[in-house]
Every structure is written in C-alpha cells, then in structure tokens.
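Working notes for the structure below.
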Amino acid sequence: MRIARLAKAHGYRIFRDFSWPATGLHDFSRYNVIYGWNCAGKTSLSTIFRHLQRKQPLSEGQVQVLVDQAIVNGADFGTAPLPALRVFNRDTVDRSVFESAGQQLPPVFFLGEDGVEKQKQIEQLTIKLNTALEQAVEHRGDEATASTAFESFCSEEAKGIKNLLTVAGGGPYNNYNAANFKADLASLAQANPEPAMLSETDRSKHLDARNAAIMDTVEEPSVGFPDLVDLTNKTRAALERSVVSKVVDRLAANPSLATWVGSGLTLHTGENATDTCEFCGGPLKPERVEQLEDHFNDEFKRFQSELGQLIAEVQKAQAFQKSLEIPPKEALYANLRTAYDEALKSLNSQASMMSSALDVLLRALHAKRDEPFKSMELMPFISSHKPDDAPASGWKTLFRGLYTGMAVVGAALGQTAFAKLSELITEHNRQTANFETIVANARKSLARDELLRALPDWRTRSAAASTATADQKTATDTANDLKRQIAALEQQVRQHRRPAEELNKELASYLGRDELRFDVEQNGYKIMRGDQPALHLSDGERTSIAFLYFLKSLKGTDFDLENGVVVIDDPVSSLDANSLFSAFGYMKARTAAAGQLFVLTHNFTFFRQVRLWFDKLPQQNKKDAVLHPARFYMLSTEVKDGTRGAKLSELDPLLKGYESEYHYLFKRLQEESKKPNAPALEAYYALPNMARRLLEAFLAFRVPHQTGDLYKQLDAVDYDNAAKTRILRFLHAFSHLDQIADPEHNPSMLAETPSVLRDLFALIEHSDAAHFKSMNDLVASA
C-alpha cells in the first residue's frame, strides 16, 4: 500500500483550505522530497503522517488521504486499512532520548534463523507461566494455616445461621454448629445440578416469614367492580336509538310537555276511558285520544322501560364506592403490605374519575329519556362535563378510552388495582391456612441459601487445607522453570549485544568522537557518557542518537521496510555540516529499500543531497514523468481572504536546477518587491527571514573578511547609510535571531516589507551591477 496524495486538508493547523489540484501536480511516487521553509506546514504534514502511523483519528479540521485508490478520512484513521508507517520528526527525538539516569530506549528486536519459532514458544510459555503464578498465589499458606482458617470459617458461618434462625421454644437451628455446617455443605456440594441461591425478593419474603405470627383470614370484597366500558357502550347505543311512531310535533319539540301528557293519557284510557278531560272538564275527542296513543305507542313504552333499567344500572355502579369495604393493610402479612398499599392508593386516587364518568352517563341517559325521538351522541356530554377534582388531561384521556372501548380504561378507573387487592387478600388467606408449613419452608430455604452463599469459600478453603503444601511447591517450581526458559529464549530473540555494538560504532562515526555509547541492559539500552549516564545531551547529540536509533529500528521485527512507508522530517536540526552529511549517508543506506519514502526539510544543503540522490535513480530522467520513481515538492504559504495557509506544489525550477537556494530567494523576493501592498500582514511573515538569508549569501562573497557579522558586513558596503540602517533594523526585528527585538519593532512595521525589499535589491545592484543583471536575466528565463 502507498500514500498517493494529501487529497484535502481544510482547517487543519496551517492547512486552511488545501485540496490536491486536479492537474499540474503528480501523485506521490516511491521516493518523495518536500522542501519548505519554517512555518510553511512541514510539522503539520508530518503530524498527519504520525496519526497514520499510530492509527489515531484526526478530530481537527477535515483531512483526507488517498491510499492506493481509496480516500481515507482523518476521522477514520483508526479503522481504515492503512500501510505500515514509521515517522521521524522532532517528537521522535523527544520520545527516544531521555536525560535522567535509569530511563532507557526501547529495545531493538531482531529475529534470528529460528527466531519466529522461538517467539511462538515464548507466547505459549508465558500463558503457562501466568497459570503457574496464579496457582502459587492460591496455595500460599501452609497446611496448618489453611486448616485453621477452614475451621474458623465453618464456625463463623454456623454461628451466623444459628443467630439467623433460632426461635423461642426450640427448633432445628437453635443448636446449629460447625459440625452441622460441614455435614450440610458436604452433602450440598455433591448436588447436581447445584441449587440456585434465592433472589433478593424471595430472600426478603422468607426473612419476613421466619418469625411471623399467624394472622386471621380477611374477608374478600363482596361486590364486583363496575364494568364502565360496557355501561358506556350501552349508553352510546341508547343515545343513538330513536323510537318509531306517529309523532306529535308539539310533544316531540317539548319534552316536559310530552312527559306530562304521557302521564295524563293513562288516566283517560283503558279502564279509565272517558270523553271528558279530567284536567279542564272539556270534551276529549276520540280522534285526539287515538292521535296521542299513536305517539306513545308500545315501542316508546319499551324504550322508556329500557332507559329506566340502564339508569338503574348506572346508579347501582355509583353506589359501588359507597358500599365497598376494603380491609386495612395491617390486616395482611408484612410481605404483602407494600403491594397492597400501592394498589389501595391507586384505587382511591381514581375514585373521582369513576364518579365523574358515571355522572356523565347518567346525565346523558336522563336527557335521552326526556327526548326519546332524538338521536344523540355521547361526546357532547363528555365535552361539557368539567370535574372539579380531576385534571383536564387525565379526564380527556379517560373518556377517549371510554369512547373507543380501550382496555386501558380499566386501569385508569382502578379496575386493575381492585383486582390486585382481591388477589393479595386471597394470598393472605392462603398463607394463614398453610402458616406452619410456610414458616418451616422459609427457615429451611434461608438455611440452604446461607449454605449456598458460603459454598464457594468452603470449597476454596477445603481444597487449600488438603493440598496447600504440595500445590505451593509444585506451582513455585514450575513458575521458576518457565521463567528460566522464557529468559533464555528472549535473550536469543533480542540479540542485544550485536545491535548495541553496531550503534556504538555508527554513533562514533556519526559524531566524530566515541564519547557516547549504548550499554545493554536486560530490556533495552542506556545512553552513557564515559562511565556515567549521559544526563545533559546537546541538541545535536540528541538528534544524532534519535536518528541513528530510528534508522536501526527500521530493521525491527515489527516493521517490513520493503512494504512500509518511511517519513523523515528534518533529521539535521542542530547538526553541524559534518553531521549533516553523515545523516544523509546513513539515511540513504537504510531507506533506499523502503516501499515508499518521504523526506521533509527546510535545510537546502540537506535537500540538495537528497535531490542529487533522487536524480540518479533509474528511470528518473525518462521523458514521461509518470515513470519517475522520485517526485519533488514544495511547501509554501499564501494569503486568502486575509488568512495565511499552507499549500503543496511542484518544486520551483530554480530550486531544482541550481546548486544553491540563492537563485530561488532572489526570484521570490524580487517578485514580492514588485507586488502592491498585501491586504493582510500575514503575507509578509516569512519574507524577512528569506531577505536575511539572501543578504547574508550575497555579502559572504562581497565582504568575506566579516562573515558572521551582518552589521559589520553592511557597514563595509558603500551605499546610502539611511537605507542600510533601515534594512538592518527590519531584518533584526523580524528574522530569526537569538535576541529579543526592540519593543518599538511592532508587527505593523511588516507593512514596510515591499519598500525594504526594494532597498535591498537597490543595494545589491549598486554593489555589483553585473551580478544583479545576470540574476535578473536568469530569473526572467526560469
């Protein structure tokens, strides 16, 4: 697997809005060098590689890496298929070199001819060693101590059972002792399957029953709970029904009048037939009597009778709550009281809802009796009823259920609670009828539960008492023998001595002195200066040791170099010129076989060495760039919308085609000097340091006798003193220095960058016009 490109880096550190361009930038090849100045994004890029190595997701910004042909999001680094990576950067130095006695580098592991097989043997022996050590701990006590502990355990457990189950008047557990405990446990240990311990609920029930006193039976409720759903359905049916008759319109329109006339009709018909009105004394015509009888026909009378019966049913249901007698919870056994109390509270809390529901049905039925010829709906009676002691939301939910006949209404009106009360009273009566048996079984169950709780400890202590001495000796001897076998195999697998000697030779060659060395310890290396731990290493020594160790670790058993990815970020930091070339030589020799190599640097001398190596690779000079095994890139910054961000691009031709970076610096700074003022000062941050490098390189040849002292070099140049002072002050304020700039040099002075650069080029042209013209011509043709 290879990393093909950094597809996207948005909002990740200095990468503000970078996307790999669709054209003009080739994918990463096998060998890659990335050149960039400080603050151009090298550290951010190497940190992305570091996350890939550690398979650690990136939570900052949006990062995407193209691996082979698959896009991998930064958030998926922990789970996506990734190549094996090894990354060297500044963090590697900090992780690899310690400056206090006793700290070590991790060991470098190698596999010999039979190393793979020996490693498998180590893993198998380690499993056996862990088992042997556990056994040694388990059988630590001698036989006498184990036996004493076992007897003490049995006595304490027996005492606990006795105290739990002793009762006045005598009982099977009043004299319970250690002998009884051991005999019962020996028998219980043979049971197959082993009985289960009591649940917390059952144990609590038995604890209540063990010392309980017998109670009287309780009379169950003699009345049944009203079926309000059925009453509601009947009421709805009655309301929707209408009587078929020859209706007298005036009577149908006046319910009160109809009731009065209907009652009076019975006084003028049948046995009471008369042609005179008993009320007014006037004549009562036969046709009027016939008309009234048609209105109050048999169907009307039957319906009125049915309404009366249904009204009586509702009234009977209303009397339920008044006639219901519920015994108090104290009349029941203690193990039933909590559930009983909850059911009783639930029933009482729903009393008002029940009463209101029945009131609505009764009011609706009376209205229907008054207007039997009119079809009605129950819902208007429900909507107009507003109970005083029932919440509106509960009332609406209740009648929605009543209206649709939902079973949940039973619970809402207390029917479920009423059934639970009856069930608990029945259980109470059952316990009274079987009281002696229940108490005896409860004590027996508690005794067995105590035994089951003690059974694991009993088995452990019993086994320890009988086998402690022999098992301890066997386990200890086995563990010691396994340790010796593992130590011998690890020594063969690690092969510390040869790697340490190689590192010492390479470190002496690398640094040009043999003052530092690696000493082998049991699990790794210690860095020594003479006979003492090296407590204070210079930055160059730290970098050299860390880089050599990193290169050596590429041969470790946990990394396949030929199929892996190696990332090296500025391994020459703080190194002198000799060490820089040594670092390149060691890096080249040990990374040439890598499956993929990335070298990041801001040091042009080191970059040039890498470039020359890559230029001589087979097929690197082919016309078809796709065939090139090496690629050259550049990290730089640009300002968009007032924000400075990093971007990756092809290497500038001037950096690739010439042996120094002077040409590139000349071109870059000349371009910046001709630009209009930038909208944001961030665009100028890198330019003062570049200008200092350009000026130092130019003056190194013009004023060679003052090399290293920029002030004296400028003073030796024949040019306008004010301009020289301005240039020097600007460079001192904003380029890298080992001193703090004057407080007056505030960031706003960066706005002078273009004019100072123009002064700088004017100085170069004044000092060496021919050189200046040659450089201009070269830059123009690049």
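The values are calculated or read from the model by the stated rules, or taken from the named source; none is laboratory data. Just so it is clear, the model here is predicted, and its values are computed rather than measured. Ideal geometry is used to build each Cβ from the backbone, glycine not excepted, and the neighbour counts take in all protein chains shown. All accessible areas refer to the heavy atoms of the entire protein, side chains included, with ligands and DNA or RNA removed. Shrake-Rupley method; radii C 1.70, N 1.55, O 1.52, S 1.80 Å.
Before moving on, here are some points about what is shown:
- Among the trypsin sites (Lys or Arg not before Pro) within the stretch 577-635, those in coil by DSSP and having at most 14 neighbouring Cβ atoms inside 10 Å are LYS616, LYS622, LYS623.
- Backbone N within the stretch 120-143 under 17 Å of label point (7 Å from ALA189 Cα along the Cβ vector): 139, 143
- In Å², nearest 10: area of HIS766 left accessible to a 1.4 Å probe: 110 Å²
- Whole-number accessible area per residue in Å² for the stretch 533-618, which is evaluated in the context of all protein chains at 1.4 Å: 34 Å²
- Gain on full extension, evaluated as 0.36 nm per residue between LEU778 and GLN309 minus their Cα-Cα distance, stands at 157.1 nm.
- You can think of it this way: the chain between GLU156 and LYS473 has 111.1 nm of extra reach, that is 0.36 nm per residue less the Cα-Cα gap.
- For the stretch 299-387: relative contact order, % (alpha-carbon pairs under 8 angstrom, 6 or more apart): 41 percent
- Pairwise label distance in nanometres, ASN211 with ASN563, each label 7 Å out on the Cα-Cβ vector: 7.4 nm
- Additional length obtainable on full extension of the chain from VAL520 to PHE435, 0.36 nm per residue less Cα span: 22.6 nm
- Nearest-0.05 FRET efficiency for HIS10 and LYS555, computed from C-beta distance (R0 35 Å): 0.40
- Rolling a 1.4 angstrom probe over the stretch 445-484 with all protein chains present gives an accessible area of which 51% lies on carbon and sulfur atoms.
- Close amide H partners of CYS277, meaning residues 5 or more places away or on another chain with modelled amide H under 5 Å apart, are GLY282, LEU284.
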